[in-house]
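Accompanying notes for the structure given below.
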Amino acid sequence: MSQISATRRAAFRQRVQERKGILVTGAFNALSARVIEDLGFEALYLTGAGISNMSLGLPDLGFIGLHEVAEHTARVRDASTLPIIVDADTGFGNALNVFRTVRTLERAGADAIQLEDQVMPKKCGHFAGKAVISTSEMVGKLHAAVDAREDRNVQLIARCDACAVHGIEDAIERSHRYIEAGADILFIEATETLADIKRLPQLFKTPQLINIVIGGKTPTLSRAELEQLGYGIVLYANATLQSAVHGMQKALRQLRENGQLAEDLSLVAPFEERQRLVDKELYDSLERKYAPAD
């Protein structure tokens, strides 16, 4: 592990522990990670839904595996200096699979790893028809995750999907067990009432993540309001994905209808901006440096 990685992870852990509502948005590939960093966000979230939707053209129904997530993590790590929260779904199997998942993703560059208590194959947290494993099975997975990580500053996020299946009180009870098992951050997914959103941070000393899904089940409050309530992370997991899809549809609809697409900055990024985001100037300088002598 490099000193840069160790420093980044320790600093990110400290920021989360402050419970000041760090605003985090989701990346689905390396370029989206570059955009997120360029715009000044403190951290990014490598979203499983984003990988499924944007790389496979499939819904978030458990179609991706460890190999794909690790490959995307490594690519994003190369492209960005930000702390990366990696969505590892259910850990891709039982506790033994979780052990390998955590070790693999840590080595790929993850700074925090999210594991959830859904039955495999999982579903998007805001879909109907979810099922969850037993509390004891999830506790075993978290114990495996704690043992697997080599750097204790790699944070483990326990995501609980039981609210939609057994109700909020069961989700709260499970969450206490998950914290006892070693979770560093708690994530109760798809909370449906403002009353629950407001009371949850007071029930746990462990920092919590709240996921705001545009069009999803969770009511929307501002980052400032959620900071006041005591949330550690305010996540917009798929805002990047949804805005990218909307932008493509808008520009391509005009192209189809008009037969051409002018350089309209409201529809497309300038050519120069695209080159800046992929750091072309750096590679131009390297090309000159390594060019053969005359």
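Every number here is computed from the coordinates shown, using simple stated rules; none is lab data. This one's a predicted model, so the numbers in the text were calculated from it and none came from an experiment. Positions of Cβ are generated from backbone atoms using ideal geometry, with glycine treated the same way; all protein chains shown enter the neighbour counts.
Compute the distance from the alpha-carbon center of region 177-206 to that of region 59-119, in whole Å.
Value for the Cα centre distance between the two parts: 22 Å.
Within 10 Å, at most 15 other Cβ atoms, and a DSSP state outside H, G, I, E, B define an exposed site. Report the longest part of the chain free of exposed trypsin sites (Lys or Arg not before Pro). Write down the numbers at each step before the final one.
Details: sites that count: 152, 205.
The longest such stretch corresponds to 1-151.
Compute, for the chain, the length of the dipole vector about the Cα centre, with Cβ point charges of +1 (Lys, Arg) and -1 (Asp, Glu) only. Units Debye, rounded to 20.
Once rounded to the nearest 20, the dipole reads 320 debye.
What's the center-to-center distance, using Cα atoms, between region 224-294 and region 1-37 in Å?
20 Å
Please compute the net charge surrounding residue 230, taking Lys and Arg as +1 and Asp and Glu as -1 over other residues with Cβ under 12 Å from its Cβ.
+2
For region 176-294, compute Rh as the Kirkwood radius over C-alpha pairs and then the Stokes-Einstein diffusion coefficient at 37 °C and 0.692 mPa s; write the answer in µm²/s, rounded to an integer.
Translational D for this selection: 175 µm²/s.
Can you list the residues of region 74-96 with backbone N under 18 Å from a point 7 Å past the Cα of residue 165, pointing along Cα to Cβ?
88-96
Rounded, prolate or oblate: which one fits region 54-168, using the alpha carbon gyration tensor with axes a ≥ b ≥ c (rounded when a/c is under 1.5, else prolate when a/b beats b/c, else oblate)?
Oblate.
For every other residue with a beta carbon closer than 12 angstrom to the beta carbon of residue 44, add +1 if it is Lys or Arg and -1 if Asp or Glu, then tell me the sum.
Numbers: positive: 34, 77; negative: 37, 38, 42, 87, 111.
Value of the local net charge: -3.
Which ordering of 120, 248, 138 is given by a fewest-first count of other beta-carbon atoms within 10 Å?
By the 10 Å Cβ count, ascending, the order reads 248, 120, 138.
With N set to the residue count of the chain, report its C-alpha Rg divided by 2.2 N^0.38 Å to two decimal places.
1.05
Note down the relative contact order for the chain as a percent, whole number, built from C-alpha pairs under 8 angstrom at least six residues apart.
20 percent
Rounded to the nearest 500, what is the 222 nm mean residue ellipticity of the chain from helices alone, with -39500 (n - 2.57) per DSSP H run of 4+ residues and division by all residues?
Calculated from helices alone, the mean residue ellipticity at 222 nm is -14500 deg cm²/dmol.
Using the Cα centre as the reference, give the magnitude of the dipole from point charges on the C-beta atoms of region 137-229 (Lys, Arg: +1; Asp, Glu: -1; all else neutral), rounded to the nearest 20 debye.
Values: 11 positive and 15 negative charges, 32 e Å.
Computed charge dipole of region 137-229: roughly 160 debye.
Could you list 45, 236, 290 so that the one with the fewest beta carbons within 10 Å of its beta carbon is first and the one with the most is last?
290, 236, 45
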